[in-house]
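Read through the structure below, which is laid out as structure tokens, and then see the notes.
Nothing in this text is a laboratory measurement; each read-out follows from the coordinates by a stated rule. What you see is a predicted model; the values in this text were computed from it and never measured. Ideal geometry is used to build each Cβ from the backbone, glycine not excepted, and the neighbour counts take in all protein chains shown.
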Amino acid sequence: MKVCHLTTVHPAKDTRIFHKECATLAKAGHEVVLLVANGPNETDQGVVIVGVPAFTQSRLKRILRTPGKVYQEALKQDADVYHFHDPEFLPYALRLKRKGKIVVYDVHEDVPRQILAKYWIPGPVRKLTSWLFERYENYVASRLSGVVTATPFIRDRFLKLNPRTVDVNNYPIVDQFDPPAKGVVKSRSVAYIGGITEVRGIRELVQALAGTDIRLKLAGKFSPPELQQELEQEAGWKNVDYLGFLDRQQVAQLLAEVQAGMVTLHPIINYLDALPVKMFEYMAAGIPVVASNISYWEQILKEAEAGIVADPLDPASVREAMEVLLADVPKAEKMGKAGRIAIETTFNWGNEGQKLKGFYNKFR
């Protein structure tokens, strides 16, 4: 089939969209086109990437005007299946469906719960915005050809609306991460990779570094940008090596150099049932994890014997967890190896890619 993936927000080489889903479908023999707002025009891994000139001057213009631009290009593609990744495209997805197309909604996040944590939406209207969006999202999703979700929790929500719903979890591609080499001596350092925000625990993590000799290898983008300047005033910032945005190869190289990976996100509602990608990438790299004491995450790490948890709102608890792993190298290495085994056997993209291909086969 000719398959057209669409995104108005994500970059062309987004890990889930391009490296996992599009590349898997192209390898399975489908003709795959990826439409990306302001993306490049190129072909990679059998996927034809088409950049669509769009609006980036402001968040509001992007939300209101960019989906229309992507929709016009989508019509030109005349694909068999349209697979979109951003909730702001929902009105246009309904238009495509009414034209007789197969349309799939890829739900990366539980957006109604995510809205409740959006700093740029005024507090008094967040609950109303969340409620209104959920009603509209439910209305559209129930009328589409199918729904792909990034977690089992989100799957269960959409199964009540659309029986053709499947969870395709965002687990790592095993080959992107080499197991730890034997005999390599690592520095007393930990890593955090991903979006850098208050609710992802960055302030408490930096504060936890104060008075220690632990280095934090920090990779990602700050949101809002002013947060970086605020954190630079913290005593623990002198222990931070800020690396900016890293590509997939650079991420793998960084994780091979540190002793543990940090995923101490705040226990806000949309994280309680999430599957944080970075946690599984740390496991794939063969390093132990320090995670928030969210029961779902704690259960995964306990069963895999791949890490420990801490109170993400308490810098002293985060510091203690780091010190425990860095002080007991044999224990940390054992957890790292166990995490790698769990990835190879269970939490890997190979298994999820098979589910995605099976889902698409139902449309033949």
Reviewing [x] 89, 43, 39; [y] 65, 50, 48; [z] 61, 46, 38, the figure for Cα extents along the principal axes in Å actually calculated from this model sits under [z]
Please report the antiparallel percentage of DSSP beta bridges with both residues in the chain, rounded to the nearest 5. 5
Considering the options Ala256, Gly68, Val52, tell which one lies farthest towards the positive end of the dipole of the chain, charges being +1 on Lys and Arg and -1 on Asp and Glu at the Cβ, about the Cα centre. Gly68
Connecting every pair of Cα atoms under 10 Å apart in the chain and solving the GNM, the largest mean-square fluctuation among Gly201, Gly353, Gly51 falls on Gly51
So if we plug the beta-carbon distance of Thr129 and Asn38 into 1/(1 + (r/R0)^6) with R0 = 25 Å, what FRET efficiency do we get, rounded to 0.05? 0.45
With springs connecting C-alpha atoms under 10 Å apart, model the chain as a Gaussian network and identify which of Arg340, Arg188, Arg65 has the largest mean-square fluctuation. Arg65
Cβ neighbours within 10 Å, averaged per peptide: list 341-349, 131-139, 190-198, 260-268 in order, most packed at the top. 260-268, 190-198, 341-349, 131-139
Cross-link pairs beyond the 23 Å C-alpha cut-off, checked among Lys20/Lys97; Lys278/Lys337; Lys20/Lys355; Lys20/Lys186: Lys20/Lys97; Lys20/Lys186
First select every other residue whose beta carbon is under 12 angstrom from the beta carbon of Pro152; then total the charges, Lys and Arg +1, Asp and Glu -1. -2
Most mobile of Pro276, Pro91, Pro124 per a Gaussian network model of the chain (Cα springs, under 10 Å)? Pro124
